[in-house]
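Here's the structure, in structure tokens; my notes come after.
The values are calculated or read from the model by the stated rules, or taken from the named source; none is laboratory data. Just so we're clear, the structure is a prediction, and the values are computed from it rather than from any experiment. Glycine also receives a Cβ, built like all others from the backbone with ideal geometry; neighbour counts cover every protein chain displayed. These area figures cover heavy atoms from the full protein model, side chains too; ligands, DNA and RNA do not enter into them. Shrake-Rupley method; radii C 1.70, N 1.55, O 1.52, S 1.80 Å.
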Amino acid sequence: MTKFIIRRILISIPVLIGISFLVFMIMQLAPGGPMAAFGQNPRMTAEQRAAIAHNWGLDKPVLEQYVTWFFSMFRGDWGTSFVTRQPVTQLILDRLPATLLLMLTAYIIQQLIALPLGILSALKRYSLTDKVLTVLTYIGFSMPTFWLGLILVYTFAANLKWFPSGQITNPRDPAFNSATYWPWFAANPLTAIGSLAAHLVLPIITLIVVNVAADSRYMRSSMLETINQDYIRTARAKGLKEGTIVRRHALRPALLPVVTNIALTLPALLGGAVVTESIFQWPGMGLLFISSITAADYPVMIGIVFLLSAFILVFNIIADVTYAIIDPRIRY
Amino acid sequence: MEPLLKVNNLKVAFKTDGGLVKAVNDVNFYLNEGETLGIVGESGSGKSVTSMAIMRLLPTPPAVIDSQSEVLFRGQNLLKLKDDQMRKIRGKEIAMIFQDPMTSLNPVLTIGKQITESLKLHMKMDDKAANRRAIELLKLVGIPSAEKRLGDYPHQFSGGMRQRVMIAMAISCDPKLLIADEPTTALDVTIQAQILDLLKRLRQELGTAIMLITHDLGVVAGMCDRIQVMYAGKIVETAKAKPLYANPRMPYTIGLLNSIPRLDSEGENRLIPIQGLPPDMVTLPPGCPFEPRCAYRQPAVCQSKVPELREVEEGHRAACLFDITKETPIPEQPAPEVVATATDVRTSPAG
Ligand SMILES: Nc1ncnc2c1ncn2[C@@H]1O[C@H](COP(=O)(O)OP(=O)(O)O)[C@@H](O)[C@H]1O
Ligand code: SF4
Ligand SMILES: [Mg+2]
């Protein structure tokens, strides 16, 4: 198994290199290229621009630029933001905790709701429960995230005032992940966690509604297919209880096709963060990404896209390994 | 002596979008302790549904079992049992082997786990005892180096070996009755023979009654005490094995026997497949269900009267309106088109 995992990781390295090349080239091809941030500045002369370009090695051949860029990325030097002049890694690391907090909680809650709902729906096929769930999933599935977020803010934040309408902390408290935040967190853990939880509710709902609908449908159909297999009939013919049959005989095979899906929804969630974070002004990478696009801040953009790609790759590996653990027919 | 299993007036239908599929239509039969009963019929004749109804494994809905039906196992009506009582019968008193050993074993559980789970459930064995018994069982069904194979998964076995595992699982709790639904259909001919030999040996060693279901009269020939032939959800002929082969009394059985290769067949006794298809189980014909395909039919009579199963000789019953034997000359028949027209006229509102 260890060998399989190592091999799987080794295979991913060329993929990652390929992705980095693509990301780099796409940025090169974008209108204005890496110099776009300076293109609109009327006070900058052509000579100044050329000097900057020369300084950054932008007058070298593209391939050479790529190699230089790749190795500096590899060393952990992801460049500095055109806008804030801070190192990109610093910017990303500052924003990562907020995004991870939102994504991981959303992710876990999503699986905890979607999988049992799908299984329940399948086991009670054609019952009232199943029909109600089916209708609900169709509604959830067709809900535009952006619109849902706004409705939630309007109803539960603006009108009912049950939850804050945005941000990750209350305005009076220290800013999340700032120098003063963690000491404050340690001193008032209950208040801090309570505040985080309250701020998380609406963004999480916004993020997961569509995914819960999709994943529970997926789980349902997989479980339905499994429950109609011959070996489930064999298990019934043994006199096992229905609960035992589901747990011991149906669950694992039914989860098999779902595993890949589960592992890949986390990076998908990260992608969905862009919309949700901007609705709720959640100080995470999604917001950072949007501001980097508006400012044509290429180093930040490249950094985020690259990180996301690496994430997807890692979760692909996790999916494959989990699959191999669950399914004894996979040989490694 | 009371038979081990007695099935009375078994009627099973399925509610489908296309209408009510009448899969089993008033089936009556019995099976004595230690006896081997063959149930033979074309695909779709209701053999599996009959066996699944006995085990109460049919999903209801869509299946509907008539309230008058009875499945008496040692005098107890299984159809009236509570679910938990029925679970004590399944796998313990009545066990089942299915057609496709490739799909009938759980692909993600070791065969050790799959065999021992019945032992733990019904025989209350602990892990150790169950493992020991599982090894014995695997040896009994002829799986080499049984100890080492307990931890293997089904995909590591060949088709024949998997069916042996299925058999080991089925006999693990010493069932009184073993229902084998086409246990050899999915296997190569040589493997088929081996599996049948195994069943014969086990029957001798364990004294289990066997209900052997097949669509192939050749398979049951050397194995069964009694045979009953099913057609369109009905039993159309039943007799001890020898008389059934020597002197079939129902045109469908005669057709079946003519359509299997026989070692003793002479040059002119060539294979004659039965023409046509089984009837639509939603709209069964009002008369003899075999009429459209019967070489001996007399349409005016056979289309209007349902032949009941009747004694034609001692212990030999057949469902045909006439006394037909292999020697009965096949009458001249009108061409199929004419038959079709006649049917149309009969069923049209004007007629
Ligand atoms: N779940 C089901 N739904 C509808 N019809 C069914 C179902 N199971 C079996 N049938 C029908 O019942 C009839 C008998 O089937 P079966 O007992 O499986 O035949 P066989 O003799 O080949 O085992 C067939 O016409 C089949 O189409
Ligand atoms: S009743 Fe008529 S149609 Fe039916 S088997 Fe006998 S001869 Fe053939
Ligand atoms: Mg069948």
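Please indicate, with yes or no, whether at least one residue in segment B:44-59 is of a type in the set (A, V, I, L, M), in a strand (DSSP E or B) and out of contact with any Phe, Trp or Tyr (no Cβ under 9 Å at 6 or more places or on another chain).
No: zero hits.
Name the single residue, out of those in segment B:151-165 being within 14 Å of chain A (Cβ to nearest Cβ) and of a type in the set (A, V, I, L, M, F, W, C), that is surrounded by the most Cβ atoms within 10 Å (Cβ to Cβ).
Going through the qualifying residues, I end up with B:VAL165.
Output the number of residues of segment B:166-202 satisfying the condition of being acidic (Asp, Glu) and open to solvent by less than 60 Å² (accessible area, probe 1.4 Å).
2
From (1) modelled with pLDDT under 90; (2) more than 16 Å from ligand 2 (Cβ to nearest atom), pick out the condition that doesn't hold for B:GLY255.
It fails just one condition, (2).
Being more than 16 Å from ligand 1 (Cβ to nearest atom) and within 14 Å of chain A (Cβ to nearest Cβ): is that true of B:MET223 here?
no
So A:GLY76 clears everything in (1) within 30 Å of A:ALA198 (Cα to Cα); (2) without any contact (Cβ under 8 Å) to a residue 24 or more places away in the chain except one condition, right? Which one?
Going through (1) within 30 Å of A:ALA198 (Cα to Cα); (2) without any contact (Cβ under 8 Å) to a residue 24 or more places away in the chain one by one, A:GLY76 breaks only (1).
B:ALA168 versus (1) closer than 20 Å to B:MET223 by Cα; (2) away from chain A (no Cβ under 14 Å); (3) not basic (Lys, Arg): which is the lone unmet condition?
B:ALA168 satisfies all of (1) closer than 20 Å to B:MET223 by Cα; (2) away from chain A (no Cβ under 14 Å); (3) not basic (Lys, Arg) except (2).
State yes or no: is B:LEU78 over 28 Å from B:LEU138 (Cα atoms), in the same structural domain as B:ARG162 (by TED's automatic domain parsing) and open to solvent by less than 40 Å² (accessible area, probe 1.4 Å)?
yes
Out of (1) under 25 Å from A:THR99 (Cα atoms); (2) out of contact with any helix residue (DSSP H, G or I) (no Cβ under 6 Å at 6 or more places or on another chain); (3) open to solvent by 20 Å² or more (accessible area, probe 1.4 Å), what's the single condition that is false for A:PRO283?
Every listed condition holds for A:PRO283 apart from (2).
Run down B:MET96, B:MET102 and say which single residue is touching a residue at least 40 places away in the same chain (Cβ under 8 Å), within 8 Å of chain A (Cβ to nearest Cβ) and not β-branched (Val, Ile, Thr).
Exactly one residue qualifies, and that residue is B:MET96.
Could you pull out the residue among B:VAL12, B:VAL7, B:VAL21 that is open to solvent by less than 10 Å² (accessible area, probe 1.4 Å), within 13 Å of ligand 1 (Cβ to nearest atom) and of a type in the set (A, V, I, L, M, F, W, C)?
B:VAL12 is the lone residue from the list that is open to solvent by less than 10 Å² (accessible area, probe 1.4 Å), within 13 Å of ligand 1 (Cβ to nearest atom) and of a type in the set (A, V, I, L, M, F, W, C).
Only residues that are in contact with a helix residue (DSSP H, G or I) (Cβ under 9 Å, 6 or more places away or on another chain) and either open to solvent by 50 Å² or more (accessible area, probe 1.4 Å) or farther than 30 Å from A:ARG8 by Cα (or both): list them for segment A:290-310, please.
Listed by number, the residues that qualify are A:ILE290, A:SER291, A:SER292, A:ILE293, A:ALA295, A:ALA296, A:ASP297, A:TYR298, A:LEU308.
Filtering segment B:115-150 down to residues that are touching a residue at least 40 places away in the same chain (Cβ under 8 Å) and more than 8 Å from chain A (Cβ to nearest Cβ), which residue is farthest from B:GLN194 (Cα to Cα)?
B:MET123
Any idea which of A:ARG247, A:ARG233 is over 23 Å from A:VAL132 (Cα atoms) and loosely packed, with under 14 Cβ neighbours inside 10 Å?
A:ARG247
Taking the residues in segment B:183-213 that are within 16 Å of ligand 1 (Cβ to nearest atom) and at pLDDT 90 or above as candidates, determine which candidate is farthest from the other protein chains (Cβ to nearest Cβ).
B:LEU212
Of all helices (runs of 4 or more DSSP H) completely enclosed by segment A:220-327, which ones contain at least 3 residues that are within 14 Å of chain B (Cβ to nearest Cβ)?
A:230-237, A:251-280, A:298-326
Would you confirm whether any residue within segment B:253-273 is within 14 Å of another protein chain (Cβ to nearest Cβ) and within 16 Å of ligand 1 (Cβ to nearest atom)?
Looking for residues that are within 14 Å of another protein chain (Cβ to nearest Cβ) and within 16 Å of ligand 1 (Cβ to nearest atom), one finds none in segment B:253-273, hence no.
Of all residues in segment B:29-61 being open to solvent by 20 Å² or more (accessible area, probe 1.4 Å) and more than 14 Å from every other protein chain (Cβ to nearest Cβ), which is nearest to ligand 2 (Cβ to nearest atom)?
B:GLU42
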